[in-house]
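The structure appears right after this line, and notes come after that.
The values are calculated or read from the model by the stated rules, or taken from the named source; none is laboratory data. What you are looking at is a predicted structure, and each value in this text was computed from that prediction instead of being measured. Ideal geometry is used to build each Cβ from the backbone, glycine not excepted, and the neighbour counts take in all protein chains shown.
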Amino acid sequence: MGELVGPQLCIAIIFVVICAHVAYTAVDLFDSYFRLPPHFIPIVYDLKLSLSSKKESICGQVRIEMQCIQSTSEVLLHANPLFVKVQHAIIENRLTNETVDLGMPAVDWNRYLVAFNSSIVFDHAAVYYLSIWFQTTYADSHGGLIKYEDKERGVWASTLFEPTNARRLFPCFDEPRWRSIFKLQLWLEDDFASARYVALSNTAGTYKHWNERLTIWGFDPTPPIPTYLLAITLGQFVSICSAENFDSEICIWRFAKVEGWNETAHRIIRTMAEFQICFNLLFLISMLYLIDVDFAVRRLVFLRCCMIFSRSSEPRTKSDFVSFEVRTKES
């Protein structure tokens, strides 16, 4: 038996080496096929979306400030063609005051990419501004900007991007390795324009009510974040903070037609405040929003780090909260 240990060990080592080589080769093939080439680095996204309560389509414009890392005549971005339809695109070099019409892109249905071929070569280290006008639609529960219709709570929408679903909403460099500043503006039409609706995102927002059919929300620029951390939520919400002037860096929102639960909300705010320093260090946020959904929506969405959670699984009474508080501190 001892004489077989050496050969068996050699065979095992060779097998492990072969498996490791195959794994690394597979990763390299995946990266070369699905990842964007490092021609550009996105710096700032200026995103405008027009949403109507009566339409399933969304009109949008995104202007991406980006730096050229490798000279190229091609611009590649992620955009899922099942959702996003590019209508027009231009690119500007403000240093030379030059603007180029990129025309319609070539679409890669397998990799969910759009490719713009330019008549000029983009210079290394130069900064360009890529503007794209597009039309998209709401996504399903698997990711994107999802719209929900509920008789009691009305129509509301929320993003669930995860690492690769931002491309369902707008053309972008949709990979976690790139972190960019986001400037968001929402043009809300029809019922969405009423004072009942509130828009939330990663940063503080202000709105201007132009008329009965149009309200424009603007949000402060975010810190540099990957695309999947950009968050948008729109609904008929009221705030524990605004309703009771609760001066805190943590705020709980709930549907306007859901009554009560304020005492428990304040208890959760005080408990979560103990972990606020950790949240700020991890996610570079200035405020923690929590949205009480009151039915089985079990996911986390970063809205200025905002957590959407199911009220049915959270504490409702004082005795329930004591055990919830203990479990939170232990975890």
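For segment 107-120, enumerate the residues that are farther than 20 Å from N165 by Cα and modelled with pLDDT of 95 or more. It would help to see each step written out before you state the result.
Taking segment 107-120 as the starting set, the residues that turn out to be farther than 20 Å from N165 by Cα are 116-120.
Once the filter is applied, which keeps residues that are farther than 20 Å from N165 by Cα and modelled with pLDDT of 95 or more, segment 107-120 yields only F116.
May I ask you to verify whether K55 is basic (K, R) and either crowded, with 16+ Cβ neighbours inside 10 Å or not assigned by TED's automatic domain parsing to the domain that holds K183 (or both)? So that I can check it myself, show each step before the final result.
Details: basic (K, R): yes; either crowded, with 16+ Cβ neighbours inside 10 Å or not assigned by TED's automatic domain parsing to the domain that holds K183 (or both): no.
Considered against the rule, which asks whether it is basic (K, R) and either crowded, with 16+ Cβ neighbours inside 10 Å or not assigned by TED's automatic domain parsing to the domain that holds K183 (or both), K55 comes out as no.
Which condition does T96 not pass, out of (1) assigned to a strand (DSSP E or B); (2) over 27 Å from the mean Cα position of the chain (by Cα), if it passes all the others?
Condition not satisfied by T96: (1).
Which condition from (1) in a strand (DSSP E or B); (2) at pLDDT below 90; (3) under 29 Å from L102 (Cβ atoms) is the one that L184 breaks?
Here L184 clears every test but (2).
I'd like the full set of residues that are buried (at least 21 other Cβ atoms within 10 Å of the Cβ) and of a type in the set (K, R), limited to segment 129-181.
Within segment 129-181, R167, R168 qualify.
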